[in-house]
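The structure appears below as structure tokens.
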């Protein structure tokens with residue numbers, strides 16, 4: 001694939017040791033996001049007229065979100081008839097580029113363009129599914145990666161769900177050899193995670209050999225509206241099941257602090273800490289811990305000024321719990337005022353909204369809160385998976401100068417550089433490392449020293 005080869009070849013100019021450490025291991029990759037526009041056309045070419053594109057929820061959502069008039073059949077037909085101009089239009093319709101930045105919904109609609117092909121492929125049988133998985137893995141092998149942890153979620157009733165996860169795990173296992181290792185992490189749907197969790201456990205019970213490939217669980221996709229406290233019971237069960245069956249340990253990773261316009265910045269920072277307190281060992285993105293608060297609130301009118309009463313009550317409870325540590329970190333915590341506010345909010349419905357405008361002092365306190373949580377994660381050995389391009393485009397980071405990676409690199413927190421959805425963003429791990437080197441003061445050697453070998457964070 002031309003784009004991937006181009007990105008990787010430029011990184012080959014780095015010294016061999018730094019290249020291996022920095023660009024050989026990707027711990028945050030969504031399998032369905034690993035297909036490039038060329039793959040979209042190659043997979044879609046023989047089947048695009050057979051795929052059911054008539055889902056009005058998809059077409060209306062895509063067209064409304066991107067202010068366009070998508071006709072997938074015409075799009076594919078034009079790309080095949082006119083490899084230059086037609087393919088360029090197909091690529092624009094699929095790749096989530098700089099012009100799309102700051103809108104998670106726009107990302108999801110473009111992601112779903114490929115999902116229609118992905119879903120149709122799975123409906124054709126395991127041979128087609130395995131062929132698609134191998135196509136994604138081959139990209140990573142050609143790009144020089146030797147260790148990748150893939151995330152792939154599936155759908156269906158319990159038996160069908162287990163079958164699909166088994167096919168995925170076995171396909172990834174078949175790609176492993178002395179030069180390449182793959183792991184499989186299963187995303188749990190935040191709106192109803194238990195059935196998928198039980199399906200994973202049943203699969204490992206029936207196929208215990210898969211435990212060397214199927215190693216973890218993830219909470220991903222839509223973050224807003226799903227506070228970490230909702231998943232306390234599931235994490236408790238996870239810990240109990242791991243203790244009961246040490247041979248089939250499952251480790252939790254967690255997308256958090258990525259898209260958080262529904263809450264205050266204090267709550268966004270808190271969510272990152274709470275996900276770690278639940279027992280997640282790696283946190284995806286954590287933009288909320290690295291993006292300067294003054295920049296965060298400037299991204300939209302009245303950004304982060306309103307949040308649910310339930311969130312504000314959770315934040316008050318958190319501040320009262322950690323009052324001593326927060327004060328030591330330089331955060332002004334007025335216990336009397338917090339308890340009075342707590343009593344006042346008790347008369348409101350949990351789904352009511354409260355508004356609190358930002359002041360310079362409040363923004364400074366949030367910076368101290370970021371430092372506090374970063375130090376807590378460091379002490380606990382938690383790892384942050386930073387995905388530079390994904391953060392810029394999905395997270396609404398305005399520019400490279402204000403990217404959270406600067407704050408994360410300046411801290412002592414465990415950190416790894418990842419791609420998230422390399423095909424959807426038209427990037428590679430090599431190009432992400434190049435981006436970091438280009439926009440920070442790090443050299444290949446100093447960046448390798450700061451990050452260390454990411455393989456030590458594998459599940």
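Just so you know, all these numbers are worked out from the coordinates, no wet-lab data involved. What you are looking at is a predicted structure, and each value in this text was computed from that prediction instead of being measured. All Cβ positions, glycine included, derive from the backbone under ideal geometry; neighbour counts span all protein chains shown.
Annotations for the structure displayed:
- Estimated Rh, the chain: Kirkwood, alpha-carbon pairs, angstrom: 23.1 Å
- Here the relative contact order of the stretch 306-355, from alpha carbon pairs under 8 Å that lie six or more residues apart, stands at 66 percent.
- Packing here is the average count of other Cβ atoms within 10 Å per residue, and on that basis the peptides 279-285, 404-410, 207-213, highest first, run 279-285, 404-410, 207-213.
- The alpha carbon radius of gyration of the stretch 379-449, expressed as a multiple of 2.2 N^0.38 Å, is 1.07.
- Paramagnetic reach from residue 302 in the stretch 349-374 [backbone N under 13 Å; point 7 Å along Cα→Cβ]: 353-358
- Dividing the convex hull volume of the alpha-carbon atoms in the stretch 29-157 by its residue count gives 136 Å³ per residue.
- Degrees separating the helix 360-380 axis from the principal Cα axis of the chain, which is the longest one: 60 degrees
- Normalised by 2.2 N^0.38 Å, where N is the number of residues, the alpha-carbon radius of gyration of the stretch 306-355 equals 1.17.
- Along its principal axes, the stretch 87-169 has C-alpha extents of 40, 33, 24 angstrom, given from the largest down.
- Percentage relative contact order, the chain, counting C-alpha pairs under 8 Å, at least six apart: 22 percent
- Order of 192, 420, 319 under a 10 Å beta carbon neighbour criterion, fewest first: 192, 319, 420
- The three principal axes of the C-alpha atoms in the stretch 320-459 carry coordinate ranges of 53, 33, 31 Å, sorted with the longest axis first.
- The separation of the stretch 20-68 from the stretch 268-325, counted between C-alpha centres, amounts to 31 Å.
- Every helix of 4 or more DSSP H residues in the chain counts as -39500 (n - 2.57), and over all residues that averages to -16000 deg cm²/dmol at 222 nm.
- Cα-Cα P(r), the stretch 155-258, percent of pairs per 10 Å interval: 14, 46, 32, 8, 0
- Rounded tilt (10° steps) of 335-345 against the dominant C-alpha axis of the chain: 70 degrees
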